[in-house]
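Working notes for the structure below.
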Amino acid sequence: MKKTLLFALAMLTSLSIYAQDITGQWHGLLKVQGIQLPIVFHISESDGVYSATMDSPDQGAFGIPVATTTYEEAVVKLEISSAAIQYTGSLDENNRMVGRFKQGGIELPLDLSREAIEKEVVRRPQEPTKPYPYYSEDVVFHNHDANVALAGTLTLPEKEGIYPVVILITGSGPQNRDEEIAGHKPFLVISDYLTRKGIGVLRFDDRGVGESTGNFATATSADFATDVESAIAYLKTREEVDKTNIGLLGHSEGGLIAPMVASKSTDVAFLVLLAAPGIRVDELMMEQAKQIGKAMGLSEETLLENAATNRKIYDLMLQSESLEELEDDVTSYLSNRIKEDSSNMLPEGMNKEEFISMQVAQIASPWMRYFIAYDPAPVLEKVTCPVLALNGEKDLQVTPKENLEGIRKALEKGGNPNATVKELANLNHLFQESITGSPDEYGSIEETFSTAALQEIADWIIKQVK
């Protein structure tokens, strides 16, 4: 009798779940490497047929059509083929949807609720809060040749006086003036630290990002170098700036751009290179993929297969004479690879055409084509100002051994008499104290930027500007 009763109750519970209405708004918070991304699904129903749209408010994307919407046995499935997105969720007794979000081979948990979900408060104890104990001014300067207005922040120890100033240059991808990544603001922390030490700092939004104008998508590293040159020209108009002590600090790709500027300009007094490339970028990217793949637990066989695919694509990029030729070559190569091994090549939920389109869009861009072919050594050989090059021992993106050695050899070959090259223990690509160095850790680490690294940078700059 008890068994029968329990079975009946289970049936009643199941039926009540199946009968739930799923139309309306569903809110979720997607967590990706420390970033919290609100997601909203709008589900409607007409004559038993469901349809939906998706919003990603923080990305400014609203009303994205959901190609397929199904609701069967308390399971909701949503598919956005244009973005290779799949969501599968099960309704629970609290009228919540517990599920998984997939995109491009990446799968993450995503639970949905009827109510808007507030972002979790993440501790970032190094971030300074206003009022700052120094002068801070929002500024705009212009790259007239590129018709770009660049918006940034200039911080000085005091409003009055004459100070050395460092220009901060962001890493790859569209970055704001704080180089915001994985919930951290490393450039804000660096700026605050240096300004408190008596060093002025200018940091600015990349072109086409934040309050800066221009088109980021069509620019290359060489274009970004002209933006830095415009920053130097602007600082030379400021009476608070010591014109003989304007320096550059570049992180990652910014560490590639800084020497480009310094090799041509006598206005650059010193360089600080943080996790900067020291070897040709295609080789750097091959090593990066290998190390991150190992950290993800990929098998040796998969690592070798990925390396072969990447090497072929990079070779196509190096050999192509135009973006159109590159698009055709990559499309042809990937089509053949998928024919050979579609099970391993295609992410779940993505068809051949969608996968190739996504890959070609990433590969056949002006920035990527220029970046992959870049060799920093010849430019570093022409840098004559003092250089501090730092890298973290656990950096998996710009590995320290190969890249620091490349920087050291190039500066030595060029006869630079004042170069300091140093590897810092336990630090990752963002210069955080880390366990493995994997990018997956960036957002979960409280520290934004190692205080030991900050002190190293400040002490070295102070010696150069005395």
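The values are calculated or read from the model by the stated rules, or taken from the named source; none is laboratory data. Small disclaimer: the values here were computed from a predicted structure and weren't measured. Using ideal geometry, Cβ is built from the backbone for each residue, glycine included, and neighbour counts are taken over all protein chains shown.
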Exercise. Being touching a Gly at 6+ places or on another chain (Cβ under 7 Å), assigned to a helix (DSSP H, G or I) and among the polar types (S, T, N, Q), is that true of even one residue in region 323-336?
Worked result: no
For this session: Answer yes or no: is there a residue in region 385-401 that is buried (at least 23 other Cβ atoms within 10 Å of the Cβ), over 26 Å from Lys294 (Cβ atoms) and either modelled with pLDDT of 95 or more or assigned by TED's automatic domain parsing to the domain that holds Val330 (or both).
Result: yes
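Here is a yes/no grid of residues against (1) part of a strand (DSSP E or B); (2) in contact with a helix residue (DSSP H, G or I) (Cβ under 8 Å, 6 or more places away or on another chain); (3) hydrophobic (A, V, I, L, M, F, W, C); (4) at pLDDT below 80:
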residue: Leu5; (1), (2), (3), (4): no, no, yes, yes
residue: Ala8; (1), (2), (3), (4): no, no, yes, yes
residue: Ser14; (1), (2), (3), (4): no, no, no, yes
residue: Gln36; (1), (2), (3), (4): yes, no, no, no
residue: Glu45; (1), (2), (3), (4): yes, no, no, no
residue: Ala52; (1), (2), (3), (4): yes, no, yes, no
residue: Thr70; (1), (2), (3), (4): yes, no, no, no
Problem set entry | Total residues in region 238-271, condition closer than 26 Å to Ala219 by Cα and of a type outside the set (A, V, I, L, M, F, W, C) | 13
For this session: Could you please let me know if Ile435 is closer than 30 Å to Glu107 by Cβ, surrounded by fewer than 17 Cβ atoms within 10 Å (Cβ to Cβ) and not basic (Lys, Arg)?
Result: yes
Seminar exercise, completed: The condition from (1) assigned to a helix (DSSP H, G or I); (2) touching a residue at least 40 places away in the same chain (Cβ under 8 Å) that Leu396 misses is numbered (1)
Exercise. What about Glu305, is it assigned to a helix (DSSP H, G or I), in the same structural domain as Gln359 (by TED's automatic domain parsing) and surrounded by 13 or more Cβ atoms within 10 Å (Cβ to Cβ)?
Worked result: yes
Seminar exercise, completed: For Ile435, the lone unmet condition from (1) at pLDDT below 95; (2) closer than 28 Å to Ala217 by Cα is (2)
